[in-house]
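The structure under discussion appears below in the form of structure tokens.
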Amino acid sequence: MVANVESLSERYNGYISPLEAEEVRKSRDMELQEMQESQVILDEIRVILEASRRETQKLSDDQKQRAHLQDLACDYEGYKDFNPRRVPGTCEWFLKDDRFLEWRSSDFGLLWVSAGPGCGKSVLSRALIDKRRLATNVATSMICYFFFKDGDGGRMYAPNALCAILHQLFTSTPTSGLIQYGLSSHKNYGKNLAGNFSELWQILMNCVKSPDAGEIVCVLDALDECHHDSREQLINKLREFYQQHAQASGPRPKVKFLIASRPYDDLAAAFSRFSHTLAYVPFDGDDKSAQISKGINLVIDARVDEIAVIFERPIVEGLPNG
């Protein structure tokens with residue numbers, strides 16, 4: 001009987017070990033499954049937290065960008081549109097000139113257009129901007145502008161012009177990413193950045209040198225109405241920039257300026273110092289006096305026609321009944 005019991009014990013022990021092993025395996029599988037499920041939950045939590053972090057960061061960046069744009073903003077479009085539209089047939093003295101056409105076909109350079117009062121410089125500037133006549137490849141060029149005005153505190157200084165140019169760059173879809181070059185400066189200077197010429201100029205230089213910038217065309221109208229000291233500051237920076245890059249062997253920034261002003265002696269002297277660079281093209285409107293006079297006559301004729309239409313209308317207001 002003892003031998004029989006031992007035999008049965010060994011026999012049943014052989015059954016018990018696999019059963020215990022199976023239970024252990026099932027237990028481990030359950031633990032592994034629970035761990036995997038926990039890992040999935042943790043991954044989902046991480047994704048949610050990362051999305052929340054990115055959204056928070058985006059909101060913060062958007063707030064910073066809005067604050068930066070708000071401090072740069074001005075009614076530069078209204079300043080431009082205050083000038084009348086070009087009368088058909090006018091400004092041809094400039095649009096067909098070889099110096100302008102050569103400057104327009106390039107992607108680097110400065111063109112100074114000087115002419116006396118009443119010759120239509122601001123009308124010309126507006127027409128060039130509105131009709132996008134400042135570059136041969138309209139799709140890849142960005143046109144920025146500013147119209148100075150003597151006596152208007154927001155339009156008399158070079159920082160006003162730089163703020164307007166940067167605002168146009170930062171709010172245009174193709175170049176909106178360039179705002180990254182201004183955020184750190186805005187963080188450091190806040191609202192005072194709008195009056196800091198040196199910092200604004202450096203931001204602009206960083207923008208034009210960026211591979212994402214494309215071609216940038218800047219129009220500065222009525223530079224003679226900019227405050228004298230501020231004007232000198234701007235011209236000096238322009239001269240340094242073009243002298244640095246005019247003879248450079250490597251790739252140059254794709255940026256060019258068109259500046260219109262009256263032919264004052266101090267401006268003529270300042271721009272004459274550009275003459276030894278390949279980037280500078282002077283344009284004296286006095287050389288086109290006959291064509292300008294013809295354009296002025298066309299404007300007078302157009303205005304006379306407008307007035308004549310007013311006088312031809314029947315006057316009915318204020319008449320008694322019957």
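Since every read-out is calculated from the coordinates, none of them should be taken as a lab result. What you see is a predicted model, and the numbers here were worked out from it, not measured in a lab. Cβ sites come from the backbone with ideal geometry, for glycine too, and all protein chains shown count toward neighbours.
Inverting the pair-averaged 1/r between distinct Cα atoms of region 133-173 gives 11.5 Å as its Kirkwood hydrodynamic radius. Backbone amide hydrogens, once placed in the peptide plane, bring residue 144 within less than 5 Å of 217, 218, 219, excluding anything fewer than 5 places away on its chain. Calculated over region 145-197, the projected area of the Cα convex hull averaged across directions stands at 3.8 nm². Here the Karplus curve 6.51 cos²θ - 1.76 cosθ + 1.60, taken at θ = phi - 60°, turns the phi angles of region 254-271 into couplings of 8, 9, 9, 10, 10, 10, 10, 6, 6, x, 5, 4, 5, 5, 4, 5, 5, 6 Hz, with x standing for Gly and Pro. Holding the Cα-Cα limit at 18 Å, pick out from 191/237; 149/187; 96/121; 64/187; 80/131; 121/149 the pairs that are longer than that. Pairs exceeding the cut-off: 191/237; 149/187.
Panel order for 54, 104, 99, by other beta carbons found within 10 Å of each beta carbon, from fewest to most: 54, 99, 104. Sorted ascending by nearby beta carbons within 10 Å, beginning with the fewest, 227, 68, 245 become 227, 245, 68. Ranked by the mean number of other Cβ atoms within 10 Å of their residues, highest first, the peptides 190-197, 91-98, 155-162 fall in the order 155-162, 91-98, 190-197.
Fewest-first ordering of 40, 123 by other beta carbons within 10 Å of each residue's beta carbon gives 40, 123. The shape of region 74-308 can be summarised by an equivalent ellipsoid whose semi-axes, obtained from the alpha carbon gyration tensor, come to 29, 20, 18 Å from longest to shortest. Compute the distance in nm between two label points, each set 7 Å from the Cα along the Cα-to-Cβ direction, one at residue 48 and one at residue 206. In this crude spin-label approximation the distance works out to 3.8 nm. Extension gain, residue 34 to residue 152, is 35.2 nm, computed as 0.36 nm per intervening residue step minus the present C-alpha separation.
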